[in-house]
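K.L.:
Here's a structure for you.
The values are calculated or read from the model by the stated rules, or taken from the named source; none is laboratory data. Only a predicted model underlies this, so the values are computations on that prediction, with no experimental measurement involved. Reconstructed Cβ throughout: ideal geometry from the backbone, glycine too, with neighbour counts over all protein chains shown. To get the accessible areas, we keep the full protein, side chains included, count just its heavy atoms, and leave off ligands, DNA and RNA. Shrake-Rupley method; radii C 1.70, N 1.55, O 1.52, S 1.80 Å.
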Amino acid sequence: MKFTPLLVVLFFFSFVSTFSFAQTKSITIRLTDAANNPVIGATLRLAERVDSTKKLYNIADTSGTAKFSIVYEKQYILEASSIGFKTLKKGISPTNSLISFVFVMEADKRTLNEVVVTAPKPLMRQEDDKTIVDPEPIAAISTSAMEIMEKIPGLFVDQDGNVYISSSSPATIYINGREQKMSSADVASLLKNLPPNSIAKIEILRTPSAKFDASGSGGVVNIVLKKGVKIGITGNLSAGLNQGRYGNQFFGGTINNNTGNRTSYLTLNYNRRNTYDQVQTDRPFSPDSLLSQRSFTTTPGRTLYTGFGFGFTPSKKWEISFDDRITFNKFESFADNHNEIRRISENVLVTENINTLRNDTRAFSFNQDVSAKYKIDTIGSELTADVTYSFFQNNGTQVFGTNFIQPFRASIGGDGDINSNRNSFTARTDLKYQLPHKLTIEAGLKTSVQRFTNDTEYFSQMGTTRKPDTFRTRTFQYDENINAAYVQASKTIDAFILKVGTRLETTSMDGHQRSPGDTSFHIRRVDLFPYIFLSRRVAKIAGYELRGYAVYRRSITRPVYEYLNPFPRYLDQYLYETGNPTLRPQFTQNIEVNISVQDRPIFAIGRNYTSDIFTNVVYQDAKNPSLAYRTYDNLGKNQETYFRLIGAIPPGGKYFFVVGTQYNHNKYDGLYEGKPLSFQRGSWSIFTFHTLKLDTRSTLSLNGFIRLKGQLQFFELSNFGSLNVNINRRFFNRKLTVTLSANDIFYTSKNQFTLKQGSISASGFRQGDTRRIGLNILYNFGIRKKEERQNMMNFESLEKSVN
């Protein structure tokens with residue numbers, strides 16, 4: 001595979017620039033209305049009085065507060081604006097003893113249709129132990145939440161939809177702070193059907209605190225959805241399509257209504273998509289024969305998504321909200337697998353056949369969230385509680401068959417019905433209490449209950465004879481209950497911030513297969529998970545603050561029911577998969593040290609120590625050497641070392657970029673098929689995101705990645721990557737945005753793979769429908785602020801922003 005064009009373009013854009021920083025201290029500005037209510041979402045601009053070209057921007061949070069890092073003992077001009085308020089202009093002179101300011105904004109009853117000061121928000125910023133990504137510049141060039149994830153610098157999405165942050169373990173996906181209790185395939189399907197414009201922000205937590213579930217050593221990606229947060233009635237209409245070998249189309253819209261103490265929103269989206277997955281695999285079938293398999297799978301589908309909710313504030317201290325998400329899915333898959341067995345010594349074709357598999361599935365999901373927040377005081381103390389209920393239903397049919405070409409014999413096949421239901425209930429409460437002397441206490445309780453039922457009924461057919469297929473037919477039920485309690489405290493001591501916590505979790509898992517045989521299992525355990533976070537101001541370069549962070553966390557990865565159930569599941573006549581009821585959970589201890597500049601992450605180094613690691617393995621069947629089976633097994637321990645470097649430059653506000661690299665080295669020690677295992681491999685990833693403002697209404701963007709010597713569990717991958725280019729232009733007073741995109745323009749997001757462990761040796765190739773040309777249209781309506789310009793390091797753009 002040749003990477004010359006992709007490498008030249010990425011390296012040129014990534015390494016032609018230099019870093020530039022400046023030295024600061026922090027001040028806090030709080031904005032309120034005449035009734036002392038916070039002015040949420042106000043835009044603040046701070047400029048030096050003697051040099052007005054040096055300007056900083058920020059957005060007021062839900063408490064009306066914004067922070068700036070500046071040089072003390074200088075005079076500044078503050079300018080703040082918000083819909084419904086007159087522009088505020090004040091002079092301030094921060095000192096070591098005067099670092100907090102409160103201003104009251106005067107209401108303006110006129111409809112705002114004038115010049116508005118806008119803030120160029122950073123694409124990525126560091127906030128304590130999490131990285132916050134603003135998805136706005138990426139959403140305009142994406143058709144789904146999954147595409148946004150693929151384009152975020154530093155995240156990697158594999159061909160099965162798993163999302164990776166720093167380690168070789170996939171991240172856990174949250175939506176609105178709640179873990180999605182679904183399989184990785186179902187989560188990937190959810191992200192592919194979630195509208196890109198419905199996302200307010202994405203939080204990346206590489207080492208989550210004790211407040212978050214201990215499950216998932218790969219970190220957490222929390223997708224926060226938009227709600228009605230802007231004054232008045234606002235909304236948007238969007239439509240788009242992209243075309244590779246197959247096409248994707250979508251259209252939808254969102255409407256928000258905010259009357260001050262009441263907010264409501266409604267989102268509708270229809271999505272029709274199709275793609276393909278092509279896999280070629282070669283592996284020894286016997287000492288003198290080779291099995292070659294060539295599969296081609298298409299997955300057309302249609303999805304209708306709606307999200308709606310409302311919230312109200314009955315008093316200054318209370319906030320209550322109700323949120324619902326409903327999804328209807330109809331998707332199919334058509335797979336053809338061509339199999340050949342050749343005698344190596346004579347290069348003679350011994351066996352040839354074709355497997356066909358057709359799936360037709362209808363899915364429905366419903367999610368209901370009810371949450372409440374009580375503000376204990378005005379300095380950030382609060383009590384929150386929320387309850388979530390989720391229901392997922394899948395009903396499908398499957399038709400399969402095998403046509404024997406050489407030697408010729410009668411075809412065999414069959415069909416089956418697959419029905420599954422998943423019910424999930426979660427309740428939690430969290431307390432955050434601010435004490436004197438910059439001490440914060442947090443504590444919480446959580447319980448989650450899940451029931452998953454599956455009923456499959458299969459029939460096999462040979463000629464005109466049709467009979468029940470006991471190998472595939474099964475009925476089972478899985479129940480899970482996890483209870484948790486946590487406490488953590490944080491303290492600011494001069495230049496230090498220390499946060500220490502621990503989480504206690506009890507696990508109860510019961511699996512019961514009712515047919516064709518009883519393979520019940522029961523798991524009970526109690527575990528403790530400590531957490532330590534330390535932040536310190538390290539140094540100052542050119543006036544900008546460098547802050548260091550050190551984090552320690554212990555986490556658990558629990559096997560799900562499919563990994564534990566020992567009943568065999570047929571894949572083809574050469575391969576089946578089965579669970580392992582003796583599988584133990586794996587534990588990971590993560591240590592990471594990182595540095596940020598002006599809350600922008602730039603460098604990190606860490607190590608993961610994992611014990612009882614379990615992973616997907618392929619073993620030879622001891623009773624039938626011509627068969628192989630996939631299962632999960634505890635293989636021993638793994639030590640993973642990684643480091644990450646990120647930089648950014650925004651010359652003059654016309655252009656900015658994010659560029660970074662990450663290196664991961666894995667070393668496994670243990671047993672594979674009862675024999676000693678020693679395996680190690682290092683891989684590099686280079687990623688980048690660029691935006692160039694062509695004129696006042698047009699923007700060109702480029703993003704991409706390269707992975708060198710990649711690894712997926714024990715599969716060794718060849719070099720692969722992707723480069724995407726997009727251009728958008730705004731029309732009709734900036735209300736209409738049209739975007740033209742080209743994804744994977746060099747068609748390099750494909751890879752070769754090899755597996756050499758124990759008695760299994762395999763190699764192959766995999767590619768998908770990744771090279772695509774697309775067109776997106778977005779129209780915003782209502783009374784709202786002009787879209788905020790994006791700028792990585794908070795510098796002002798060269799031109800003014802006019803509605």
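K.L.:
Please determine, by comparing only the residues of segment 43-59 that are modelled with pLDDT of 85 or more and open to solvent by less than 30 Å² (accessible area, probe 1.4 Å), which one is farthest from GLU106 (Cα to Cα).
P.N.:
By that ranking, first place goes to ALA47.
K.L.:
Which strands (runs of 3 or more DSSP E) does segment 200-307 wholly contain that include 2 or more residues that are among the β-branched types (Val, Ile, Thr) and open to solvent by less than 20 Å² (accessible area, probe 1.4 Å)?
P.N.:
Hits in segment 200-307: 220-225.
K.L.:
Just a yes or no: is a residue in segment 13-28 modelled with pLDDT of 85 or more and either more than 30 Å from ILE706 (Cβ to Cβ) or open to solvent by 70 Å² or more (accessible area, probe 1.4 Å) (or both)?
P.N.:
Yes.
K.L.:
Let me ask something else about it. In segment 139-181, which residue that is more than 30 Å from ILE773 (Cβ to Cβ) and either in contact with a helix residue (DSSP H, G or I) (Cβ under 6 Å, 6 or more places away or on another chain) or of a type in the set (Asp, Glu) (or both) is most open to solvent (accessible area, probe 1.4 Å)?
P.N.:
It comes out as GLU179.
K.L.:
In the set ILE344, ILE354, which member is more than 30 Å from ALA188 (Cα to Cα) and of a type in the set (A, V, I, L, M)?
P.N.:
It is ILE344.
K.L.:
Mind listing whichever residues of segment 454-480 are within 30 Å of ILE523 (Cα to Cα), among the polar types (S, T, N, Q) and surrounded by 15 or more Cβ atoms within 10 Å (Cβ to Cβ)?
P.N.:
Within segment 454-480, ASN454, THR456, THR473, THR475, GLN477 qualify.
Residue by residue, here is whether (1) in contact with a Gly (Cβ under 7 Å, 6 or more places away or on another chain); (2) open to solvent by less than 50 Å² (accessible area, probe 1.4 Å); (3) more than 19 Å from ASN423 (Cβ to Cβ) holds:
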position: ASN355; (1), (2), (3): no, yes, yes
position: THR378; (1), (2), (3): no, no, yes
position: GLU382; (1), (2), (3): no, no, yes
position: ASN395; (1), (2), (3): no, yes, no
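K.L.:
Just name the residue that is modelled with the lowest pLDDT out of those in segment 71-98 that are in contact with a Gly (Cβ under 8 Å, 6 or more places away or on another chain) and closer than 12 Å to ARG49 by Cβ. Steps first, answer last, please.
P.N.:
Filtering segment 71-98 down to residues in contact with a Gly (Cβ under 8 Å, 6 or more places away or on another chain) leaves 71, 75-78, 82-83.
Pick out the ones that are also closer than 12 Å to ARG49 by Cβ and you get 75-78.
Working: GLN75: 83, TYR76: 87, ILE77: 88, LEU78: 90.
Filtering segment 71-98 for residues that are in contact with a Gly (Cβ under 8 Å, 6 or more places away or on another chain) and closer than 12 Å to ARG49 by Cβ, the one modelled with the lowest pLDDT comes out as GLN75.
K.L.:
Regarding segment 614-628, can at least one residue be identified that is under 28 Å from the mean Cα position of the chain (by Cα), hydroxyl-bearing (Ser, Thr, Tyr), surrounded by 16 or more Cβ atoms within 10 Å (Cβ to Cβ) and outside any strand (DSSP E or B)?
P.N.:
There is no residue in segment 614-628 that is under 28 Å from the mean Cα position of the chain (by Cα), hydroxyl-bearing (Ser, Thr, Tyr), surrounded by 16 or more Cβ atoms within 10 Å (Cβ to Cβ) and outside any strand (DSSP E or B).
K.L.:
So, one more: How many residues, within segment 329-353, are hydroxyl-bearing (Ser, Thr, Tyr) and surrounded by 15 or more Cβ atoms within 10 Å (Cβ to Cβ)?
P.N.:
So the answer is 2.
K.L.:
Here are ARG607, ARG547, ARG537: which of them is of a type in the set (D, E, K, R), surrounded by fewer than 17 Cβ atoms within 10 Å (Cβ to Cβ) and more than 25 Å from the chain's Cα centre (by Cα)?
P.N.:
ARG537
K.L.:
Continuing with the same structure: Criterion first (among the hydroxyl-bearing types (Ser, Thr, Tyr) and in a strand (DSSP E or B)) does THR440 satisfy it?
P.N.:
Yes; evaluated as a whole, the condition is true for this residue.
K.L.:
Here's a follow-up. With respect to ASP417, determine if the residue is touching a residue at least 60 places away in the same chain (Cβ under 8 Å) and either open to solvent by less than 40 Å² (accessible area, probe 1.4 Å) or more than 28 Å from ALA210 (Cβ to Cβ) (or both).
P.N.:
No, not satisfied.
K.L.:
In this structure, does ILE686 turn out to be modelled with pLDDT of 90 or more, surrounded by fewer than 17 Cβ atoms within 10 Å (Cβ to Cβ) and among the β-branched types (Val, Ile, Thr)?
P.N.:
For ILE686, the condition - modelled with pLDDT of 90 or more, surrounded by fewer than 17 Cβ atoms within 10 Å (Cβ to Cβ) and among the β-branched types (Val, Ile, Thr) - is not met.
K.L.:
Of all strands (runs of 3 or more DSSP E) completely enclosed by segment 500-606, which ones contain at least 1 residues that are of a type in the set (S, T, N, Q) and at pLDDT 80 or above?
P.N.:
Strands (runs of 3 or more DSSP E) meeting the threshold: 521-541, 544-557, 586-597.
So that you can scan it fast, the table gives a plain yes or no per residue for (1) crowded, with 18+ Cβ neighbours inside 10 Å; (2) in a strand (DSSP E or B):
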| residue | (1), (2) |
| --- | --- |
| TYR72 | no, no |
| ILE77 | no, yes |
| ALA80 | yes, yes |
| GLY91 | no, yes |
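K.L.:
Checking the structure you have, find out if any residue of segment 488-495 is touching a Leu at 6+ places or on another chain (Cβ under 9 Å), assigned to a strand (DSSP E or B), surrounded by fewer than 17 Cβ atoms within 10 Å (Cβ to Cβ) and not hydroxyl-bearing (Ser, Thr, Tyr). Outline the logic, then answer.
P.N.:
So the first thing to find is which residues in segment 488-495 are touching a Leu at 6+ places or on another chain (Cβ under 9 Å), and the list is 489-492.
Checking which are assigned to a strand (DSSP E or B) leaves us with 489-492.
Restricting the remaining residues to those that are surrounded by fewer than 17 Cβ atoms within 10 Å (Cβ to Cβ) gives 489, 491-492.
Filter once more, keeping what is not hydroxyl-bearing (Ser, Thr, Tyr): 489, 491.
Yes, because at least one residue in segment 488-495 is touching a Leu at 6+ places or on another chain (Cβ under 9 Å), assigned to a strand (DSSP E or B), surrounded by fewer than 17 Cβ atoms within 10 Å (Cβ to Cβ) and not hydroxyl-bearing (Ser, Thr, Tyr).
K.L.:
For segment 338-352, name all the residues that are in contact (Cβ under 8 Å) with a residue 40 or more places away in the chain and touching a Lys or Arg at 6+ places or on another chain (Cβ under 7 Å). Lay out the reasoning, then the answer.
P.N.:
Narrowing segment 338-352 to residues in contact (Cβ under 8 Å) with a residue 40 or more places away in the chain: 338-345, 349-352.
Of everything in segment 338-352, those that are in contact (Cβ under 8 Å) with a residue 40 or more places away in the chain and touching a Lys or Arg at 6+ places or on another chain (Cβ under 7 Å) turn out to be HIS338, LEU349, VAL350.
K.L.:
Has segment 563-582 got any residue that is within 30 Å of PHE404 (Cα to Cα), open to solvent by 50 Å² or more (accessible area, probe 1.4 Å), in contact with a strand residue (DSSP E or B) (Cβ under 9 Å, 6 or more places away or on another chain) and among the hydroxyl-bearing types (Ser, Thr, Tyr)?
P.N.:
There is at least one residue in segment 563-582 that is within 30 Å of PHE404 (Cα to Cα), open to solvent by 50 Å² or more (accessible area, probe 1.4 Å), in contact with a strand residue (DSSP E or B) (Cβ under 9 Å, 6 or more places away or on another chain) and among the hydroxyl-bearing types (Ser, Thr, Tyr).
K.L.:
Which is touching a residue at least 40 places away in the same chain (Cβ under 8 Å), surrounded by fewer than 17 Cβ atoms within 10 Å (Cβ to Cβ) and charged (D, E, K, R), of ARG729, ARG697, ARG766, ARG734?
P.N.:
After ruling out the rest, the residue left standing is ARG734.
K.L.:
Can you name the condition, by its number, that GLN513 falls short on among (1) under 19 Å from ALA485 (Cβ atoms); (2) more than 28 Å from the chain's Cα centre (by Cα); (3) open to solvent by less than 20 Å² (accessible area, probe 1.4 Å)?
P.N.:
Result: GLN513 passes all but (1).
Residues are listed down the side, and each one gets a yes or a no for (1) over 30 Å from ILE541 (Cα atoms); (2) under 23 Å from the mean Cα position of the chain (by Cα); (3) surrounded by fewer than 17 Cβ atoms within 10 Å (Cβ to Cβ):
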position	(1), (2), (3)
GLN586	yes, yes, no
SER596	no, yes, no
ILE602	no, yes, no
SER611	yes, no, yes
ILE649	no, no, no
